[in-house]
Amino acid sequence: MNELPGLYNDWVAIFLMMAGFYVVISQGNLVKKLVGLALFQTSVFILYISLGKVAGGHAPIYDPAIAIYSNPLPHVLILTAIVVGVATTAVGLALVVRIHEAYGSVEEDDIQAADEAESTASSSEASAEEDAKQ
Amino acid sequence: MTLIDHLPVLAVIVPLLAAPLCVLIDRARPAWLIALAASWLSFGAAILLLLQVTQSGTISYHLGGWPPPWGIEYRIDLLSAYVLLIVTAIAAVVMVFAWHSVESEIPSERIARFYAALLLAFAGLAGITTTGDAFNVFVFLEISSLASYAIISMGRDRRALNAAFQYLMMGTIGATFILIGIGFLYMMTGTLNMQDLAALLPEVSDTRTVRAGFAFLTVGIGLKLALFPLHLWLPNAYAYAPSTVTAFLAATATKVAVYALLRVLLDVFGVEFSLQAMPLNLILMVLGLVGIVSASLVAVFQDDIKRMLAYSSVAQIGYMVLGIGLANTTGVTAAILHVFNHALMKGALFLALGAIAYRLGTATLRDFAGLGRRMPWTMAAIVIGGLSLIGVPPTAGFISKWYLVLGTLEQGLWPVTLLVLFGSLLALIYVWKLVEAAYFKPAPANAPAVAEAPLSMLIPVWLLVGANVYFGIHTDISVGVASQAATQLMGAGG
């Protein structure tokens with residue numbers, strides 16, 4: 001357990017997880033962020049699926065000749081989680097499409113700049129109104 | 001089995017099935033009627049459940065007849081019945097309010113699908129409170145979250161889209177953290193049933209896997225809860241979502257996350273592990289206090305009233321988390337009580353804001369000038385809701401603040417008591433800003449003529465305002481159930 005490779009599947013899962021997480025944090029492009037998010041979720045699926053493996057176990061299909069089976073439950077759980085992941089990506093992409101329609105860009109910086117320009121415009125409009133009253 | 005035996009699942013499944021029905025019919029009015037009927041049916045089920053639980057104790061419902069720990073168990077104890085009642089009550093009241101508000105804010109061809117998504121969000125939240133299965137919590141959480149991303153993005157302002165996207169990012173990371181945490185627990189115990197987990201965890205609690213799972217779960221729920229440093233998604237999401245959605249989510253979504261936190265920390269892991277072996281009590285207390293003070297300060301400087309109240313929500317979540325962090329029965333009672341009372345006050349306030357937005361189109365501080373004369377009933381509702389937010393007797397807000405202060409004094413933490421009172425003072429400032437604008441400033445000369453909100457909006461608002469006053473005076477029900485639930489939780493672990 002303590003030698004470095006150890007349970008190498010965990011290392012793979014954690015590497016993917018952190019890679020996905022890093023993409024989410026570092027990228028400014030919304031589509032790339034979603035890719036990172038999908039990677040992040042998928043790494044958790046791998047973590048789950050690999051923990052169902054029982055050493056020397058067979059695929060969980062009943063057969064009198066087999067004594068040890070792998071645990072099928074994590075696989076079933078992940079089937080549900082995959083559906084959730086697909087739905088998340090779909091909703092995310094749909095939002096990106098709408099954002100592109102509304103802002104003409106999918107870059108976080110552009111969107112922020114557009115929002116700020118809008119809010120300063122509306123507040124200067126407000127102060128103009130106040131001035132007009134006085 | 002009669003219908004009564006199936007109540008636990010009915011509260012969840014009625015809105016869940018009503019949602020696709022709305023999509024199939026795809027016409028605004030019938031979809032609204034279906035949503036209304038589903039939410040009131042669910043509310044009825046929740047009332048019956050609470051009665052049943054107070055009389056005959058915890059209900060365990062085996063989904064599909066499969067006994068736990070193999071099958072999925074729906075487990076209704078006092079805490080879940082109590083939170084379920086809040087969620088369904090708010091949903092029922094909000095649905096009455098929704099018709100006019102939604103009609104004015106959402107394009108008519110999307111209304112039916114909007115109700116479908118709202119019902120899904122509601123079903124998910126109800127599901128989290130009823131289920132006794134850890135993986136089921138994740139699934140329901142994602143059902144409600146995905147639906148809420150969709151309905152938040154339907155706000156009129158294009159910034160709603162960006163707010164929804166940010167929420168989607170943070171919400172998904174939170175939910176995935178919860179999934180990882182559940183996976184670690186499953187790795188160590190081989191079970192997903194919460195009661196089973198609670199029984200098996202103490203044996204293996206001294207391993208790194210369980211501690212890591214604990215950390216993942218806490219951070220994941222913290223993201224959903226909008227616990228102080230993880231709250232960044234909340235103000236924008238609440239500010240730009242349609243009024244109905246803001247009122248619904250503000251009064252239910254974070255409350256259900258508090259429920260999940262209570263359930264996981266105190267029930268699954270047990271008080272001893274969560275709040276004594278791990279230093280979480282201190283962490284929660286500090287984060288709660290920082291959240292109270294900083295979010296209240298930010299709220300004071302907001303011009304958009306929806307944003308102001310959203311920041312105030314972050315502060316109120318601080319009170320609840322602080323209550324849990326106190327790690328005594330009074331503190332936990334205060335947290336549960338504040339879940340209830342905050343749902344009432346924020347529900348009332350956001351609904352009243354929705355009525356103002358319906359008449360004026362926006363709700364910034366400038367729009368409030370002179371509104372006390374022009375929309376007297378709506379403004380009066382905001383004032384009473386605001387008093388409850390500050391914690392003035394005889395409103396509901398006072399009761400939960402009172403228990404929180406008692407809890408801090410019980411632990412001998414008087415500096416914390418002072419900070420709690422300071423937070424109330426800040427609430428006084430931002431509520432005063434509203435009152436000042438509405439009653440002491442003349443309406444601008446070019447202000448559009450404004451009529452009082454329609455009755456279908458005023459009645460839900462005043463129902464919640466009435467509840468704020470009622471539960472501030474008659475505390476038997478709210479305090480009674482909350483303190484019993486807190487005793488159950490604290491007893492289960494210690």
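Miscellaneous remarks
- Tensor-based shape of region B:301-494 (alpha-carbon gyration tensor, a/c under 1.5 rounded, otherwise prolate or oblate): prolate
- Acute angle (nearest 10 degrees) that the helix A:73-103 long axis makes with the longest principal axis of chain A, alpha-carbon atoms: 20 degrees
- Length-normalised contact order for region B:182-297 - Cα pairs under 8 Å, 6+ apart - percent: 28 percent
- Relative exposure of A:Glu101, B:Glu436, judged by other C-beta atoms within 10 Å (fewest first): A:Glu101, B:Glu436
- Long-range amide H partners of A:His58 with built H, under 5 Å: A:Ile68, A:Tyr69, A:Ser70
- Basic side chains Lys and Arg get +1 at the Cβ, acidic Asp and Glu get -1 at the Cβ, and with that the dipole of the protein assembly as shown about its Cα centre reaches some 760 debye.
- Computed from Cα positions, the angle between helix B:305-325 and the longest principal axis of chain B comes to roughly 30 degrees.
- Mean separation of Cα contacts under 8 Å, 6 or more apart, over the residue count of region A:4-105: relative contact order %: 22 percent
- Region B:457-477 versus region B:129-199: alpha-carbon centroid distance in Å: 31 Å
- Most positive-pole-ward Cα, B:Leu337, B:Ala486, B:Leu326, against dipole of region B:301-494 from beta carbon charges: B:Leu337
- Only the Cβ atoms of Lys and Arg (+1) and of Asp and Glu (-1) were treated as charged; on that basis the dipole of chain B about its Cα centre amounts to roughly 1260 debye.
- Sites matching trypsin sites (Lys or Arg not before Pro) across region A:1-91 that sit in DSSP coil, with at most 13 neighbouring C-beta atoms within 10 Å: A:Lys53
- Total charge dipole magnitude, region B:301-494, about the Cα centre, Cβ charges on Lys, Arg, Asp, Glu only, Debye to nearest 20: 420 debye
- Between the Cα long axis of helix B:7-25 and the first principal axis of chain B there is an angle of about 50°, rounded to the nearest 10.
- Computed over the alpha-carbon atoms, region A:8-103 gives an Rg to Rh ratio of 1.15, Rh here being the Kirkwood radius from the mean inverse distance.
Computed from the coordinates by the stated procedures, all read-outs in this text should not be read as laboratory data. What you are looking at is a predicted structure, and each value in this text was computed from that prediction instead of being measured. All Cβ positions, glycine included, derive from the backbone under ideal geometry; neighbour counts span all protein chains shown.
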